[in-house]
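A short worksheet on the structure shown next.
No value in this document is a laboratory result; all are computed from the given coordinates. What you are looking at is a predicted structure, and each value in this text was computed from that prediction instead of being measured. Cβ placement follows ideal geometry from the backbone for every residue including glycine, while neighbour counts extend to all protein chains displayed.
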Amino acid sequence: MTHGIRAATVILLAAFIAVLAFAQAPGEDTYKAKCAMWCHGADGLAATPMGKSMKILSFKDPKLLKASDAQLFASTKNGKDAMKGYGGKLTDQQIKDVVAYIRTLQK
């Protein structure tokens, strides 16, 4: 391999690794746009002013850690307590992706 080809290969490999490192999880964009700003917060701890005033549970609360994906899906789609549902605003796949992203916040 010539020096130029080797250097180009290394650069391409580094670029590919960088893209993978910065790739967002499915549902992350939707979560940030619909859930994080006002209520649940970027970290899912619900430490926002609205989250605190509405007494929203942190996604790390034992009750929500025990909730099934189906329960989180239903709450997101249909609403729960003061939270309005996102059925008709988000597709079922988008809601599933948000639930999967919430699971990453619970770790």
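For segment 25-105, what relative contact order do you get, as a whole percent, if you take Cα pairs closer than 8 Å and at least 6 residues apart?
It comes to 33 percent, rounded to a whole number.
Could you give the Stokes-Einstein D for segment 25-105 in µm² per second, using the C-alpha Kirkwood radius, 37 °C, 0.692 mPa s?
Approximately 264 µm²/s, per Stokes-Einstein.
Just grab the label-to-label distance for residue 57 and residue 100, each label 7 Å out from Cα along the Cβ direction, in nm (one decimal).
Rounded to a tenth, the inter-label distance reads 2.4 nm.
Between residue 80 and residue 93, what is the spin-label point distance in nm, taking each point 7 Å from the Cα along the Cα→C-beta axis?
2.5 nm
All other residues with a Cβ under 11 Å from the Cβ of residue 57 taken together, and with Lys, Arg as +1 and Asp, Glu as -1, what is their net charge?
+2
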